[in-house]
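Data block below; observations after.
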Amino acid sequence: MLVLGLETSCDETGVALYDSQRGLLADALFSQIDLHRVYGGVVPELASRDHIKRMLPLIEQVLAEAQCRPSEIEGIAYTAGPGLVGALLVGASCAQALAFAWDIPSVGVHHMEGHLLAPMLENTPPQFPFVALLVSGGHTQLVRVDGIGEYRLLGESIDDAAGEAFDKTAKMMGLRYPGGPEIARIAEQGVPGRFTLPKPMTDRPGLQFSFSGLKTATLMAWQKCIAAGDDGEQTRADLARAFQTAVVATLTIKCQRALEQEGLTTLVIAGGVSANQALRHSLENMLAKRQGQVFYARPEFCTDNGAMIAYAGCQRLLAGQKEGQSIHVRARWPMEELPPLV
Ligand code: KG4
Ligand code: ZN
């Protein structure tokens, strides 16, 4: 089945064509980062307007890349939530209009299910069951996954998401948006051990996360450096390193705990923060000791993209799931509400 996937939940317009027999045929992305950077974060109304501008040219681009005619497309998948409502509505209305015009089924995809299944697009996909760590700008969740649509939430952040903590910490240290890749980049030059920051919630049992205390501790350390006139590039890199180390250590400890609790040795990491190299290495080391394995998507499919939506939607369409003609999106949407495939 050939499926067109549309992603517009936040600040990236993603379009892809996935075929259940031939795999991923084409994918295209327009990132609005430059548009939002001057504001230090995503401006929802600007995001919606830009999605409208980019959507149709990107669809034409993937059709041309895959040398495919619209009449060959057998289904449309779009992100129906969670995300910015105005932005989601652009993808949803475009998908529903095309599905009506082309007389093919459409399906609304859960954005985090898209992220979760993105590693399935790689050459060696993970096998069910596994524990998934979903780490994006809006979510930090540990989920037990027994199959597509068979999700049990094991723990989540009680305040900031991991990506949000990266972004906010970067902003207060004068780094540009989005902060995750910036912190990761400068942390490479940072001296390990110069600053020690708390590893939040690791001394207590359970699988909940909290990143706001770490964010405040980092801010206080940075303000102290500024007061002492020690706020140069090297100090910033050293502190970025300490922040990243604390986040990575926290995520690693919780992943290990979740795997032990569930009696599993397969871990999947997904979402923007799963592109972080220090996180990947730390989880790989942890799992090597347990004869386990960690799976993740290629870097461009860790952050938002159309390919993951086309893939997830294709699985649901193949199982006979589809939407009516109404246009319905959700800003919030617990993943556990999703139906299983059969
Ligand atoms: O999944 P995503 O593209 O969008 C959401 O669904 O939120 O994730 C974006 C988040 C941002 O917070 C960004 O700073 C973070 O992922 N991120 C990273 C890295 N690349 C992106 N965080 C840490 N290290 C990275 N290399
Ligand atoms: Zn995302």
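What to note about this one:
- Of all the numbered requirements in (1) open to solvent by 40 Å² or more (accessible area, probe 1.4 Å); (2) among the acidic types (D, E); (3) under 18 Å from L214 (Cα atoms), D146 misses one, and that requirement is (3).
- Filtered residue count, the range 283-297, keeping only those that are outside any strand (DSSP E or B), more than 11 Å from ligand 1 (Cβ to nearest atom) and either of a type outside the set (D, E) or surrounded by 24 or more Cβ atoms within 10 Å (Cβ to Cβ) (or both): 10
- Among the residues listed as L98, L154, the single one being closer than 25 Å to L338 by Cα, open to solvent by 10 Å² or more (accessible area, probe 1.4 Å), more than 22 Å from the chain's Cα centre (by Cα) and among the aliphatic types (A, V, I, L, M): L98
- Qualifying positions in the range 170-222 - surrounded by 15 or more Cβ atoms within 10 Å (Cβ to Cβ) and near ligand 1 (Cβ under 10 Å from one of its atoms): A170, Y177, P178, G179, G180, P181, E182, I183, A184, A187
- Within the range 61-72, the set of residues being out of contact with any Pro (no Cβ under 9 Å at 6 or more places or on another chain) and either outside any loop (DSSP other than H, G, I, E, B) or surrounded by 18 or more Cβ atoms within 10 Å (Cβ to Cβ) (or both) comprises Q61, V62, A64, E65, A66, P70, S71, E72.
- Which numbered condition G320 fails, given (1) touching a helix residue (DSSP H, G or I) at 6+ places or on another chain (Cβ under 8 Å); (2) open to solvent by less than 70 Å² (accessible area, probe 1.4 Å): (1)
- The residue pairs whose first member lies in the range 125-140 and is within 15 Å of F209 (Cα to Cα), whose second member is at pLDDT below 95 and within 14 Å of ligand 2 (Cβ to nearest atom), and whose beta carbons are closer than 8 Å, counting only pairs six or more residues apart or on different chains, are G137/P178.
- Condition check for G40 on (1) at pLDDT 95 or above; (2) surrounded by fewer than 19 Cβ atoms within 10 Å (Cβ to Cβ); (3) more than 16 Å from ligand 2 (Cβ to nearest atom): one failure, at (1).
- Sole exception among (1) surrounded by fewer than 20 Cβ atoms within 10 Å (Cβ to Cβ); (2) at positive phi for G83, by number: (1)
Matching residues to (1) closer than 27 Å to P181 by Cα; (2) in contact with a Cys (Cβ under 7 Å, 6 or more places away or on another chain); (3) more than 16 Å from ligand 2 (Cβ to nearest atom); (4) assigned to a helix (DSSP H, G or I):
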residue: P125; (1), (2), (3), (4): yes, no, yes, no
residue: F128; (1), (2), (3), (4): no, no, yes, no
residue: Y151; (1), (2), (3), (4): no, no, yes, no
residue: E156; (1), (2), (3), (4): yes, no, no, no
residue: K171; (1), (2), (3), (4): yes, no, yes, yes
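- Selected residue (only one of D19, D34, D103, D11 is away from ligand 2 (no atom under 16 Å from the Cβ) and either at pLDDT below 95 or open to solvent by less than 20 Å² (accessible area, probe 1.4 Å) (or both)): D19
- Residue check for Q325: in a loop (DSSP other than H, G, I, E, B), more than 16 Å from ligand 1 (Cβ to nearest atom), open to solvent by 10 Å² or more (accessible area, probe 1.4 Å) and in contact with a Phe, Trp or Tyr (Cβ under 9 Å, 6 or more places away or on another chain): yes
- Condition check for G75 on (1) open to solvent by 10 Å² or more (accessible area, probe 1.4 Å); (2) over 30 Å from N276 (Cβ atoms): one failure, at (1).
- Any chance E337 is more than 30 Å from V248 (Cβ to Cβ) and not aliphatic (A, V, I, L, M): yes
- Total residues in the range 262-282 satisfying the condition of being within 14 Å of ligand 1 (Cβ to nearest atom), β-branched (V, I, T) and open to solvent by 10 Å² or more (accessible area, probe 1.4 Å): the figure is 1.
The values are calculated or read from the model by the stated rules, or taken from the named source; none is laboratory data. As the structure is a prediction and not an experimental result, all values here were calculated from the model. Note: ideal-geometry Cβ built from the backbone for every residue, glycine included; neighbour counts use all protein chains shown. These area figures cover heavy atoms from the full protein model, side chains too; ligands, DNA and RNA do not enter into them. Shrake-Rupley method; radii C 1.70, N 1.55, O 1.52, S 1.80 Å.
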